[in-house]
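J.: First, the structure itself, so that you have it in front of you.
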Amino acid sequence: MCVMNYVLALFLPPLSILLLGRIFLAIIVFLIWVPALLFSGGLTHPMFIILAWILIFQAHEDRRAR
């Protein structure tokens, strides 16, 4: 599941964040991500990928610590 979430973060970072259970953050990222893709032509997309990867890694580390 973890590897699939990293791949999903490449294409749909808000959905990847939603699958982590961070609903409010996923909505905020979606509302910023869509206009950013449209107006910048995808130049800001890597920023959202990195955010999603950090959150996935953090969730994985939290599970490992338990």
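J.: Any chance segment 16-34 includes a residue that's touching a residue at least 12 places away in the same chain (Cβ under 8 Å), among the charged types (D, E, K, R) and either open to solvent by less than 100 Å² (accessible area, probe 1.4 Å) or not in a helix (DSSP H, G or I) (or both)?
T.: Checked against the condition, which is being touching a residue at least 12 places away in the same chain (Cβ under 8 Å), among the charged types (D, E, K, R) and either open to solvent by less than 100 Å² (accessible area, probe 1.4 Å) or not in a helix (DSSP H, G or I) (or both), segment 16-34 yields at least one hit.
J.: Has segment 38-49 got any residue that is in a loop (DSSP other than H, G, I, E, B), without any contact (Cβ under 8 Å) to a residue 40 or more places away in the chain and aliphatic (A, V, I, L, M)?
T.: Of all residues in segment 38-49, those in a loop (DSSP other than H, G, I, E, B) come to 41-44.
Narrowing further to those that are without any contact (Cβ under 8 Å) to a residue 40 or more places away in the chain: 41-44.
Next cut, aliphatic (A, V, I, L, M) only: 43.
Yes.
J.: Search segment 41-59 for residues being modelled with pLDDT under 90 and open to solvent by 40 Å² or more (accessible area, probe 1.4 Å), and hand back the single one that is farthest from Val3 (Cα to Cα).
T.: Gly41
The values are calculated or read from the model by the stated rules, or taken from the named source; none is laboratory data. All values reported here derive from a predicted model rather than from experimental measurement. Positions of Cβ are backbone-derived with ideal geometry, glycine not excepted, and every protein chain shown enters the neighbour counts. All accessible areas refer to the heavy atoms of the entire protein, side chains included, with ligands and DNA or RNA removed. Shrake-Rupley method; radii C 1.70, N 1.55, O 1.52, S 1.80 Å.
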